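Structure, as structure tokens:
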Amino acid sequence: MSTPVFKNRLVRWIDYRLPVFTFMNHELNEYPTPRNLSYWWNFGSLAGIMLVTMIVTGVVLAMHYTPHVDYAFQSVERIMRDVNYGWLIRYLHMNGASMFFIVTYIHIFRGLYYGSYKSPRELLWMLGVIILILMMATAFMGYVLPWGQMSFWGATVITNLFSAIPFVGEKIVTWLWGGFSVDNPTLNRFYSLHYLLPFLIVGVVVLHLVALHRFGSNNPLGIDTKGPQDTLPFHPYYTAKDMFGLGVFLIIYALIVFFAPNLFGEPDNYIPANPLATPPHIVPEWYFLPFYAILRAVPNKLGGVVLMFSSILVLFVLPWLDRSPVRSGRFRPMFRIFFWLLVLDAVVLGVVGANPPEGNWILFGRMATIWYFVHFLIVLPLLSRLERPRPLPISISQSVLASGGGFAPQPVRTMDKA
Amino acid sequence: MVHGAEAIRNAGAHRPGEEGSRRDFLILATTAVGAIGVASLAWPFIDEMNPSADVLALSTTEVDLSPVAVGQAITVKWRGKPVFIRHRTPDEIKAARSVNVADLRDPQPDEARVQRPEWLIVVGVCTHLGCIPLGQKPSDPHGDYGGWFCPCHGSHYDTSARIRKGPAPRNLVVPDYVFLSDTMVRIGEAAAKGAAA
């Protein structure tokens, strides 16, 4: 990977003093990437694109939004009706949050299945969990800004989680609110932080990418690349693959924005906030539902809050809970079953979270909550000892090339000249 | 450039001497679609900063002139800017019309600046750098020509609000307006051709 020679003299002049072109060439062009990445590896770049989309649409919305309890709801309606293309930009932002979480959750489950959190990618994984937490905080505060009924009561419920902290809980909640209830000071600080946090996410994403490029992407086989025969240059192979995936993704995103823009939303949030009446059934946005179900599964205020936060924090120690040296679920017959059970468990928790906490839903919620923690704290450590993985291929190239042979030459049918 | 169908037919067969037609076609088509997509998506993000529907809805202002006595001036707000409405005295009209138009910096006869001689309606924003000239109140300085005086950089306007002295390049702007009746004027809407009194 030597320093490339650029044809353009200006580029050469700049690059000699500020090697940005060398950097871009190294990280985006020649960057050696495992040749066997599947479409499950598209979701990281999709998440990055959604982050940019959210920042761009958000900055534009901020030009028209008024963070005041008397004007917030009306200013959002003004964006929808009077601002040129305001409806489009707001629907892109609103549904963009859902799309961002969809691609991020798929990205996370891909990492879980293929063991992308294992050595030497533990910090890469932990930075990802930090991004998830920042995303959740940002999404929550953004949902408060339209100042509808769900905004208001969502803010009330979530900030009240902190009142579960012994001794100082009430004081902390008052501090969060800047008053004795969710009110104008709360709205103002949420707006400020909602604008700030995405840029923190950008910062952590940069670290996430630095950590990624240290050892490169994991791959469906979960084995290390052993040389040039196992990799392809990032451009054009994965830029093209990412672009194709982006095209498919944008079609789905556009379908929702144009034809079902309120699919993910709650109708109650089109009712202006009323601090004197809680809606009969309040639910968070869909991407919080599993965590909401865990919160409600525990018949104890502090216990529910602790368990809900633990359900995310457990991901931080995942690299040390799953000690199996084999990364990819493809070669772990038992792990694979439990992986899909975990997916099912997350879906069940989501459904439970969407339903009122009565009757059998309480039972289902408790069972699914218990299983969530059993999976991470008991099943994964036990599997590491008990499971007998299937034999791993010798190398990526041997596995993916029909010609076989551990050190197959560069295949003749590359597509650089069709 | 080879046609699409032929390009596709050539897909598998690599003909020596013929520069990759299928690749060129795909790259050009993809780039074109991408460029059109980006451009059409960029427009909403530009247009969003243009005046919105509620701003445009407030782009005319109606003013009742009946309380404005001869010699009096009022200031009304139109599109966020002050508009000077002056009920001119016969002396002021005479002063404005006895000027040699050719000598003016921005030559314009008074007749071209009013629809009715007694009512002078101009945007009260100095054409130099946007300050509001003084001269609406009797106690204000009126400049050397009995009209307005801009305190920022010393531009003098006459009784037809034409620039006479100082740095401003042009006369105060006459907005579109239409008399709905003898005492009611709508600023921001052009008068129909030939309807001017």
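Values as computed for the structure displayed
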| item | result |
| --- | --- |
| Of residues in the range A:113-126 being hydrophobic (A, V, I, L, M, F, W, C) and crowded, with 20+ Cβ neighbours inside 10 Å, the one nearest to the chain's Cα centre (by Cα) | A:125 |
| Filter result (β-branched (Val, Ile, Thr) and loosely packed, with under 14 Cβ neighbours inside 10 Å) within the range B:174-192 | B:183 |
| Single match in A:174, A:186 (criterion: modelled with pLDDT of 95 or more, over 24 Å from residue A:131 (Cα atoms) and not basic (Lys, Arg)) | A:174 |
| Complete set of residues in the range A:213-240 that are within 21 Å of residue A:50 (Cβ to Cβ) and crowded, with 19+ Cβ neighbours inside 10 Å | A:217, A:234, A:238 |
| The range B:57-70 - residue that is among the β-branched types (Val, Ile, Thr) and assigned to a strand (DSSP E or B) and, of those, nearest to the other protein chains (Cβ to nearest Cβ) | B:61 |
| Search result, residues across the range B:87-117 that are touching a residue at least 40 places away in the same chain (Cβ under 8 Å), within 24 Å of the chain's Cα centre (by Cα) and not in a helix (DSSP H, G or I) | B:104, B:105, B:106, B:108, B:114, B:115, B:116 |
| Neighbours by Cβ (under 8 Å, 6+ apart or cross-chain): first from the range A:72-94, more than 10 Å from chain B (Cβ to nearest Cβ); second of a type in the set (Gly, Ala, Ser) and not in a helix (DSSP H, G or I) | A:73/A:148; A:73/A:273; A:94/A:265 |
| Residue selected from the range A:181-220 under the condition out of contact with any Lys or Arg (no Cβ under 7 Å at 6 or more places or on another chain) and part of a loop (DSSP other than H, G, I, E, B), by the criterion farthest from residue A:35 (Cα to Cα) | A:181 |
| Checking residue A:239 against (1) within 22 Å of the chain's Cα centre (by Cα); (2) polar (S, T, N, Q); (3) in a loop (DSSP other than H, G, I, E, B), the condition it does not meet | (3) |
| Residue ranges of helices (runs of 4 or more DSSP H) in the range A:320-410 with at least 1 members of a type in the set (Val, Ile, Thr) | A:333-354, A:360-374, A:396-400 |
| Residue list for the range A:331-344, filter: buried (at least 18 other Cβ atoms within 10 Å of the Cβ) and in contact with an Asp or Glu (Cβ under 8 Å, 6 or more places away or on another chain) | A:332, A:335 |
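A quick yes/no check of all residues on (1) over 27 Å from residue B:67 (Cβ atoms); (2) acidic (Asp, Glu); (3) out of contact with any strand residue (DSSP E or B) (no Cβ under 7 Å at 6 or more places or on another chain):
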{"residue": "B:88", "(1), (2), (3)": "no, no, no"}
{"residue": "B:103", "(1), (2), (3)": "yes, yes, yes"}
{"residue": "B:110", "(1), (2), (3)": "no, yes, yes"}
{"residue": "B:114", "(1), (2), (3)": "no, no, no"}
{"residue": "B:129", "(1), (2), (3)": "yes, no, yes"}
{"residue": "B:149", "(1), (2), (3)": "no, no, no"}
{"residue": "B:161", "(1), (2), (3)": "no, no, no"}
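Okay, residues lined up against (1) closer than 30 Å to residue A:295 by Cβ; (2) surrounded by 14 or more Cβ atoms within 10 Å (Cβ to Cβ):
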{"site": "A:324", "(1), (2)": "no, yes"}
{"site": "A:329", "(1), (2)": "yes, yes"}
{"site": "A:346", "(1), (2)": "yes, yes"}
{"site": "A:358", "(1), (2)": "yes, no"}
{"site": "A:363", "(1), (2)": "yes, no"}
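Listed here are the residues, each with its yes/no results for (1) of a type in the set (Lys, Arg); (2) away from chain A (no Cβ under 14 Å); (3) surrounded by 12 or more Cβ atoms within 10 Å (Cβ to Cβ).
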residue	(1), (2), (3)
B:38	no, no, no
B:44	no, no, yes
B:48	no, no, yes
B:55	no, no, yes
B:72	no, yes, yes
B:84	no, yes, yes
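The values are calculated or read from the model by the stated rules, or taken from the named source; none is laboratory data. Bear in mind the structure is a predicted one, so any value in this text is a computation, not a measurement. Reconstructed Cβ throughout: ideal geometry from the backbone, glycine too, with neighbour counts over all protein chains shown.
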